[in-house]
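Structure first, then comments.
The values are calculated or read from the model by the stated rules, or taken from the named source; none is laboratory data. Just so you know, these numbers come straight off a predicted model, no measurement behind them. Note that each Cβ is placed from the backbone with ideal geometry, even for glycine, and that neighbours are counted across all protein chains shown. Accessible surface is based on the protein model in full, side chains and every heavy atom, while ligands, DNA and RNA are left aside. Shrake-Rupley method; radii C 1.70, N 1.55, O 1.52, S 1.80 Å.
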Amino acid sequence: MSVNVANLAILHYPEKVLRTPAKAIKQVTEETRQVAERMIELMYEADGIGLAAPQIGLSISLFVLDVPSSEKNSPETDPPSATGDAMVFINPKLVAFEGAPEPYEEGCLSLPDIRGDVLRPPVVTVEATDLDGKRFTLRASGLLARCIQHEFDHLQGILILDKMTQMARLKNRTAVRDLEREAEHPKK
Ligand code: NI
């Protein structure tokens, strides 16, 4: 992989790479760190709380997130529901889910103007590698658990379009069609 990180930008549905399962990262290198750093920048610029590598055209198993503290979410709760700072997840695996799936309205930086309810278990345990190449485990709740599952889906080529409730799908039909049309006839 040889990437000019300055050229990376967030891609929109229906880009093919968003539907492609991402490949495992064999070794954490300086380039991995540069890509992750650039992804964190792009996420902040777009006012997002998570971004997965396929969203910037790289089919590699990496996502970043920064879930801010709020009235409902905090890095101090057990399990935490916010990050407190940016986090990098390399080759993540979801190893446990807890609780009955709950609906919550999600958006996605690759699906502008689309928001809809997605059902997900409220607590998740993720295993991943950090930028030092060390494996870590995190059990998360609240918005953090949701964000981890959303970004993990991106690495499988899954989008919220696939998981939204039927009502949300109906509500967003026109916006989805607009994105597909824009890809066929890009605005200059
Ligand atoms: Ni997304």
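Over the range 44-188, give the accessible area per residue in Å² for a 1.4 Å probe, as an integer.
Result: 51 Å² of accessible area for each residue.
Ignoring ligands, DNA and RNA, how do S110, S70, S141, S2 rank by accessible area with a 1.4 Å probe, largest first?
Working: S110 0, S70 65, S141 20, S2 115 Å².
The ranking, largest first, comes out as S2, S70, S141, S110.
Taking a cut-off of 21 Å between Cα atoms, list the lysines near K187, but don't count ones fewer than 8 places away on the same chain.
Within reach: K16.
Note down the nm distance, to one decimal, between modelled labels 7 Å out along Cα→Cβ at T20 and at I158.
With each label placed 7 Å out from Cα toward Cβ, I get 2.1 nm.
Using Cα springs under 10 Å in a Gaussian network model of the chain, which residue among M43, M167, M87 shows the largest mean-square fluctuation?
It is M167.
Using 18 Å as the cut-off for backbone N distance, which residues of the range 28-58 belong to the label zone defined by a point 7 Å from the Cα of A175 along Cα→Cβ?
46-51
Just to be sure I understand the model, the point goes 7 Å from the Cα along the line to the Cβ. What's the resulting H12 to Q27 distance in nm?
Placing both labels 7 Å beyond Cα along the Cβ direction yields 3.9 nm.
Mind jotting down the distance between the C-alpha centroids of the range 138-169 and the range 1-66, whole Å?
Here the answer is 17 Å between Cα centres.
How would the range 92-188 be classified by its alpha-carbon gyration tensor: rounded, prolate or oblate, with rounded meaning a/c under 1.5 and the a/b versus b/c comparison settling the rest?
It comes out oblate by the Cα gyration axes.
With a length cut of 18 Å (Cα positions projected on each helix's long axis) and a Kyte-Doolittle mean of at least -1.0, go through the chain and give me the DSSP H helices that pass.
30-45, 142-155
Let me know the shape class of the range 5-184, please: from the alpha-carbon gyration tensor, a ≥ b ≥ c as square roots of the eigenvalues, rounded when a/c is under 1.5, otherwise prolate if a/b is greater than b/c, or oblate.
It comes out oblate by the Cα gyration axes.
Rounded to a whole number, what % of the accessible area of the chain do carbon and sulfur atoms account for, probe 1.4 Å?
Carbon and sulfur together cover 50 percent of it.
With each run of n ≥ 4 DSSP H residues scored as -39500 (n - 2.57), what mean residue ellipticity at 222 nm is computed for the chain after dividing by its residue count and rounding to the nearest 500 deg cm²/dmol? Working shown, then result.
Numbers: 5 runs with 52 residues, N = 188.
Computed ellipticity for the chain at 222 nm equals -8000 deg cm²/dmol.
If you add up the charges near S69, with Lys and Arg at +1 and Asp and Glu at -1, over every other residue whose beta carbon is less than 14 angstrom from its beta carbon, what do you get?
Values: positive: K72; negative: D66, E71, E76, D85.
Net charge in that neighbourhood comes out at -3.
Between L131 and A183, what FRET efficiency follows from the Cβ-Cβ distance if R0 is 35 Å, with the result rounded to 0.05? Numbers along the way, then the final one.
On the way: r = 33 Å, r/R0 = 0.95.
The pair L131/A183 has a calculated efficiency of 0.60.
In terms of Cα to Cα distance under 29 Å, which lysines are near enough to K23, apart from those fewer than 8 places away along the same chain?
K93, K134, K163
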